[in-house]
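Colleague: Before we start, here is the structure in question, set down as structure tokens.
Quick note: the coordinates plus some simple rules give every number you see, no bench work behind them. Note that the structure is a prediction, hence the values are computed from the model and not measured. No Cβ is skipped: glycine too gets one built from the backbone with ideal geometry, and neighbour counts run over all protein chains shown.
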């Protein structure tokens, strides 16, 4: 009889963990996203999938709460979430699109690269999603909690990535560098989403250029 303790992660042999598969599924997801957006752009009314979306969000929340190779699979499962958003004709924010497109690559890079400190970001991300998806499913209003947990996850991810590269923690340097670069983009997206940082910066640059031309 098989026991969970018998599980051994073998890069490329454990199902869905090869680099070829990740590239393939990422391309398929990108094509699906663009195709659905083109389809819905020609429709005047959304396709009513809100009930299914709520159940899906609730299941992802429960899944994130009870599981910490399984965490990686949840990143692939989340691809479905963005399809529901598009079918509902809800605008897809770039930050939301980018996170769904890239998180699986960060997780798989950490698995293949044996990054030693990734468990902390896994716990932080699982905790965040335990509240996030029930929130979007309409089970509870956890917006203030999401704001705090989102910031906490980014602080943990950025701090450990910088520390791991600087000190030389175990794991592939390129996997750690990839994680750091992606966390930086997530941080920019987070700051712009909640504090409109990029929008304010663009406005400041535009205003400065206009002022310099009038002088």
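Colleague: Sorted from largest to smallest, which semi-axis lengths in Å does the alpha carbon gyration tensor of the chain give for its equivalent ellipsoid, taking the root of 5 times each eigenvalue?
Modeller: Values: eigenvalues 183, 130, 63 Å².
Result for the chain: semi-axes of 30, 25, 18 Å.
Colleague: Where does the range 29-143 land on the Kirkwood hydrodynamic radius, alpha-carbon pairs, in angstrom?
Modeller: Working: mean 1/r = 0.0664 Å⁻¹.
For the range 29-143, the Kirkwood estimate is 15.1 Å.
Colleague: Take each of the peptides 183-189, 164-170, average the number of other beta-carbon atoms within 10 Å over its residues, and list them starting from the highest.
Modeller: Details: 183-189: 17.3, 164-170: 12.6.
Taking the mean over residues of other Cβ atoms within 10 Å, the ranking is 183-189, 164-170.
Colleague: List 118, 37 from most exposed to least, where exposure is judged by having the fewest other Cβ atoms within 10 Å.
Modeller: Details: 118 24, 37 15.
Lowest to highest Cβ neighbour count: 37, 118.
Colleague: Next up: For 20, 193, 176, which order do you get if you count the other beta carbons within 10 Å of each Cβ and list the fewest first?
Modeller: 20, 193, 176
Colleague: Taking 45 Å as R0, compute the FRET efficiency from the Cβ-Cβ separation of residue 50 and residue 204 and round it to 0.05.
Modeller: Working: r = 39 Å, r/R0 = 0.86.
The pair residue 50/residue 204 has a calculated efficiency of 0.70.
Colleague: Any idea how far the Cα center of the range 151-215 sits from the one of the range 30-73, in Å?
Modeller: Going from one Cα centre to the other spans 27 Å.
Colleague: Based on the alpha-carbon gyration tensor of the range 118-215 and its eigenvalue square roots a ≥ b ≥ c, which shape applies: rounded if a/c is under 1.5, prolate if not and a/b is larger than b/c, or oblate? Mind dumping the intermediate values first?
Modeller: Working: a/c = 3.77, a/b = 1.30, b/c = 2.91.
Verdict is oblate for the range 118-215.
Colleague: Ranking 107, 10 by Cβ neighbours within 10 Å, fewest first, what do you get? Before the final figure, lay out the partial values.
Modeller: Working: 107 25, 10 7.
In order of increasing Cβ crowding within 10 Å: 10, 107.
Colleague: D for the range 87-175, whole µm²/s, Stokes-Einstein with Kirkwood Rh over alpha-carbon pairs at 25 °C and 0.890 mPa s: what number?
Modeller: Values: Rh = 14.6 Å.
Using the Kirkwood radius from Cα pairs, D works out to 168 µm²/s.
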